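The values are calculated or read from the model by the stated rules, or taken from the named source; none is laboratory data. None of these values were measured; they are calculated from a predicted model. Glycine also receives a Cβ, built like all others from the backbone with ideal geometry; neighbour counts cover every protein chain displayed.
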Amino acid sequence: MQLPNYFDFYQKCLIPAGSDESSPSAGHTHWLIALEGQVKEQEKEFYCWKVTIYPSDSEGSFTWNEVLYSSSLYECIHKAFEHARELEENAKNSQLSFLKRQEKIS
């Protein structure tokens, strides 16, 4: 089993989970939206970014191996941040269809 590297992990927000079929697993009351960086070129310290959603409790503790959503990689942190903001708005408006699928990470 490979544990994740959270060196470049930025929690964006916690969103209360609804009580519908898209709710997180037992014991989790929120969704944690985060930006995760991955080194693409070590010499230049160039990073790619992805947006992930994890089930969480109200304190922000989350289950690292229970990813609800993972975006494709972005070469620009600003584009990843924009995508995270869109997901946040969708969750706040109860448009949770994105939680039904997990994109393959390129």
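Inside segment 49-106, can you point out the residues that are assigned to a helix (DSSP H, G or I), in contact with a strand residue (DSSP E or B) (Cβ under 7 Å, 6 or more places away or on another chain), modelled with pLDDT under 80 and among the charged types (D, E, K, R)?
LYS92
Select from segment 45-88 the residues that are surrounded by fewer than 19 Cβ atoms within 10 Å (Cβ to Cβ), among the hydrophobic types (A, V, I, L, M, F, W, C) and touching a Pro at 6+ places or on another chain (Cβ under 7 Å) and list them in ascending order.
Of everything in segment 45-88, just one residue is surrounded by fewer than 19 Cβ atoms within 10 Å (Cβ to Cβ), among the hydrophobic types (A, V, I, L, M, F, W, C) and touching a Pro at 6+ places or on another chain (Cβ under 7 Å), namely TRP64.
I'd like to know if segment 29-44 contains one or more residues that are at pLDDT below 70 and either loosely packed, with under 13 Cβ neighbours inside 10 Å or small (Gly, Ala, Ser) (or both).
Among the residues of segment 29-44, not one is at pLDDT below 70 and either loosely packed, with under 13 Cβ neighbours inside 10 Å or small (Gly, Ala, Ser) (or both), which makes the answer no.
Being of a type in the set (Ser, Thr, Tyr) and assigned to a strand (DSSP E or B) is the filter here, so list the residues in segment 29-48 that pass it.
Within segment 29-48, the subset of a type in the set (Ser, Thr, Tyr) is 29, 47.
Matches in segment 29-48: TYR47 only.
Check segment 17-27 and report whether any residue there is surrounded by 11 or more Cβ atoms within 10 Å (Cβ to Cβ), at pLDDT below 90 and not in a loop (DSSP other than H, G, I, E, B).
For segment 17-27, residues surrounded by 11 or more Cβ atoms within 10 Å (Cβ to Cβ), at pLDDT below 90 and not in a loop (DSSP other than H, G, I, E, B): absent.
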